[in-house]
Amino acid sequence: MSKYTVIDFFSGAGGLSKGFLDAYYDIILGVDWDDDSLVTFQKNHSDSKALKLDLFDVNNLQIIVNYIDQIHKKVDIIVGGPPCQGFSLTGPRNFDDP
C-alpha cells in the first residue's frame, strides 16, 4: 500500500509535517518564506523538497503545481502551520514571546 502524500504550506521548520512523517506519511514538499526555517525543514525532511515562496502571491501556486507534476505525485493532504506569534508579520511580533 502506498503512503499518503502531504505538502506543508507555511511549513517553518516542519514541526507540523514531522508529525505526519512520524505517522508514515510521505512529505513531498514544504513551502515557507524564511530561509533558516527552510534549512531546518530540509534537515528534518531529507526526502522532501523545500521551496522558498511567498504564498500570498497567487502566481507562486503554479510553481508548486509544476513541481508536483514534475515528480509525478498526487497530493492527498495539504497542511498549513499557524503563524508563530513572536515572528509572524500578521501578529503582534512580540520577540519575547516564548
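The values are calculated or read from the model by the stated rules, or taken from the named source; none is laboratory data. Since the model is a prediction, treat every value here as computed from it, not as a measurement. Here the Cβ positions follow ideal geometry from the backbone for every residue, glycine too, while neighbour counts run over all protein chains shown. All accessible areas refer to the heavy atoms of the entire protein, side chains included, with ligands and DNA or RNA removed. Shrake-Rupley method; radii C 1.70, N 1.55, O 1.52, S 1.80 Å.
Cross-link reach is defined here as a Cα-Cα straight distance under 19 Å, omitting same-chain residues fewer than 8 places apart; for LYS43 the aspartates and glutamates meeting it are ASP8, ASP22, ASP26, ASP32, ASP34, ASP35.
Could you provide, to the nearest whole Å², the per residue accessible area of the stretch 1-50 with probe 1.4 Å?
Accessible surface, normalised per residue, equals 57 Å².
With a Förster radius of 22 Å applied to the C-beta separation of ASP22 and PHE56, the computed FRET efficiency comes to 0.15. Take 70-76, 38-44, 24-30 and order them by the average number of nearby Cβ atoms within 10 Å per residue, most first; the result is 24-30, 38-44, 70-76.
Give me the percent of the accessible area of the chain that comes from carbon and sulfur atoms, probe 1.4 Å, all protein chains in place. The nonpolar share, carbon plus sulfur, comes to 56 percent.
In this structure the amide hydrogen of GLY30, modeled in the peptide plane, comes within under 5 Å of the amide hydrogens of ASP8, LYS49, ALA50, LEU51, none closer than 5 places in sequence on its chain. Working from label points 7 Å from Cα in the Cα-to-Cβ sense, the LYS3 to HIS72 distance is 1.9 nm.
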